[in-house]
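Contents: one structure, followed by commentary.
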Amino acid sequence: MSQFSDLNLNPILLAAVQKMGYDSATEVQTRVIPVAMGGQDVMVSSQTGSGKTAAFLLPILHQIMDAKELEEKSTTDERPAPRKGRRGRQPAYKMPAPHAIVMCPTRELALQVAQEAILLKGSHRDFRVATVVGGMPYGRQIRELQNVTLLVATPGRLIDLYKQREISFDNVHFFIADEADRMLDMGFSEDLETLHKSCINNRQTLMFSATFPPKVMRLAEGMMNHPLRIEISPKDTINKNITQILHWADGREHQKKLLFHWLENAKIDQTVVFVPTQIDAEEIADELKEKGLSVDYLHGGMQQRVRNRCLDNLRRGKIKILVATDVAARGIDVETITHVFNVGVPRQPEDYVHRIGRTGRAGREGTAVTFVHFKDKRLLDAVEDFIQLEIKANVIEGLEPKKEPLRGAPRGGGRRRPGGGAGRRNDSRGGRRESSARRTEGRGDRDRSRAPRGEGRRNESRNERRSTTDRSARPSRRSSSRSATV
Ligand code: ADP
Ligand code: MG
């Protein structure tokens, strides 16, 4: 930890940081900012909620502000090729040419990063922040790109704009990949490389991720120049402030009863309930609403405008419970989330880490409760292998599971009784085991039967991709969101 005032930041940034109420820099900020300010490539892994956003925004904003080239260089004189059907282009039009690009896996995250950039740039007048994300109208997004300095974008839509010559990368000197692991999971690997290569004058690349699996390392090698690797508690990507609990359940109805019990009895400020499919999100939210609870749902099938409003309502405390699919997991950064519930175990062990990372933010305590169907035991094994931790099972009187699961035997841990240790911290299990993630695909009958209608996370990823890369999908028709520039 160190003081922001020790970091030699531009006074505008220092003032903004103070205005945001940040007392001291977090560990990742302390370690990354000085190196990145010096222009070096950096790859950083650090747990969710540790303040990675400011760790990359501050050094980039600092360098751009210091360069004093904002006024003259945020556009190029190059004219775009005339496009059919485009009327009323002013002769004075200059192609937008940002100085820095931040790539994000999801729209929600992009909007949050842009929001933070706007706060951090503070009173600087010539510094403009814009976002380019799928599901927003093209025309407006293009208009609002004028004079952009820092662009926050999802890869699919940005590649579209680039190919249509609506944007120039000639002035991009800073390229940042946030949540790189997630971008690869979502199939953005090629897009990311193409975009990075297109920034021919790029000077510095920063890559951030909660974890750095081998596939991310490979991408990083291609994109970076002798990067400095900064890892903060690499073996412990889960925040220490989060207490993890699981309940065995006989099926979906039992899972819901357990959830309702928790919602009615625990001291909950705000909570995110993760469910496998879009239909589950809507159904469970409806059921909770019928019980008189303050609830909304969020999934990738909703219009961007509605999704934004929903997140806003959560942030402002207008709703207490958000029922969501994994699409929402990364973006949600609300400090007052005290609990995360998982109805079912996510198929990708990484998703578990990202889901529960929604609580325990900014040094607060959080609780993550997972309701596990017996059939999903192997999904749970994969998660536990990934986090190197055996999650304590708990039972609620009157809501006990009908059968007791066999646990631990294949891994030599012996049989464990459910019921002990709710609310206690979990101990780490020492050495890392081979992940069993690969073995767990396609488990869970309910999920399978629902997949065509319900569209789980995989499908959501595809939807997002389609809507951002396929012109015929016409994302502008799907959404009437009002503003592309935040
Ligand atoms: P990450 O990207 O590592 O998951 P974020 O950048 O989203 O984390 O930051 C998590 C939360 O901590 C945000 O609410 C952010 O505003 C807050 N935060 C970041 N840096 C600081 C700081 N130095 N002091 C206090 N709060 C901070
Ligand atoms: Mg982040």
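The values are calculated or read from the model by the stated rules, or taken from the named source; none is laboratory data. Worth saying up front: this structure is predicted, and the values here are computed from it rather than measured. Here the Cβ positions follow ideal geometry from the backbone for every residue, glycine too, while neighbour counts run over all protein chains shown. Heavy atoms of the whole protein, side chains included, go into the accessibility calculation; ligands, DNA and RNA do not. Shrake-Rupley method; radii C 1.70, N 1.55, O 1.52, S 1.80 Å.
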Q.
Please go through region 296-346 and give me each residue that is within 17 Å of the chain's Cα centre (by Cα) and free of Cβ contacts under 8 Å to residues at least 24 places away in the same chain, ordered by number.
A. C310, D312, R315
Q: Would you check if there is a residue in region 360-374 being open to solvent by 10 Å² or more (accessible area, probe 1.4 Å) and within 18 Å of the chain's Cα centre (by Cα)?
A: yes
Q | Members of region 144-173 found to be within 16 Å of ligand 2 (Cβ to nearest atom) and polar (S, T, N, Q), listed by number | A | T154
**Q.** Residue satisfying all of: in region 194-220; within 26 Å of K163 (Cβ to Cβ) and open to solvent by 70 Å² or more (accessible area, probe 1.4 Å); nearest to ligand 2 (Cβ to nearest atom) among these
**A.** K215
(Q) Tell me yes or no: at least one residue of region 294-302 is touching a Gly at 6+ places or on another chain (Cβ under 7 Å), of a type outside the set (K, R) and open to solvent by 10 Å² or more (accessible area, probe 1.4 Å). (A) no
Q: Give me a count of the residues in region 269-285 that are buried (at least 20 other Cβ atoms within 10 Å of the Cβ) and out of contact with any Lys or Arg (no Cβ under 9 Å at 6 or more places or on another chain).
A: 4
Q: State whether one or more residues within region 4-15 are of a type in the set (S, T, Y) and either under 17 Å from Q112 (Cβ atoms) or at pLDDT 95 or above (or both).
A: no
Q. With respect to I176, is the statement that it is within 16 Å of ligand 2 (Cβ to nearest atom) and in contact with a helix residue (DSSP H, G or I) (Cβ under 9 Å, 6 or more places away or on another chain) true?
A. yes
Q: Collect the residues in region 345-359 that are open to solvent by 10 Å² or more (accessible area, probe 1.4 Å) and within 12 Å of D376 (Cβ to Cβ), keeping them in residue-number order.
A: V345, R347
Q: Among the residues of region 99-129, write down those that are touching a Lys or Arg at 6+ places or on another chain (Cβ under 9 Å) and away from ligand 2 (no atom under 12 Å from the Cβ).
A: H99, R107, L119, K121, G122, F127, R128, V129
(Q) I'd like to verify a number: residues in region 47-56 that are under 17 Å from I356 (Cα atoms) and more than 6 Å from ligand 1 (Cβ to nearest atom), how many? (A) 1
Q. Taking region 118-152 only, how many residues are assigned to a loop (DSSP other than H, G, I, E, B), touching a strand residue (DSSP E or B) at 6+ places or on another chain (Cβ under 9 Å) and among the polar types (S, T, N, Q)?
A. 3
Q) Which one of these is within 20 Å of I232 (Cα to Cα) and open to solvent by 20 Å² or more (accessible area, probe 1.4 Å): G51, G21, G39? A) G51
Q. Would region 250-268 turn up any residue that is of a type in the set (G, A, S) and open to solvent by 20 Å² or more (accessible area, probe 1.4 Å)?
A. yes
Q.
Consider region 17-46. How many of its residues are in a helix (DSSP H, G or I) and within 7 Å of ligand 1 (Cβ to nearest atom)?
A. 2
Q: Tell me which residues, restricted to region 320-343, are in contact with a Ser or Thr (Cβ under 8 Å, 6 or more places away or on another chain) and crowded, with 20+ Cβ neighbours inside 10 Å.
A: I321, L322, T325, V327, R330, G331, I337, H339, V340, F341, N342
Q.
I'd like the full set of residues that are surrounded by 19 or more Cβ atoms within 10 Å (Cβ to Cβ) and closer than 16 Å to G134 by Cβ, limited to region 180-191.
A. R182, M183, M186, F188, D191
**Q.** helices (runs of 4 or more DSSP H) within region 167-277 that include 3 or more residues touching a Pro at 6+ places or on another chain (Cβ under 9 Å)
**A.** 180-185, 189-198
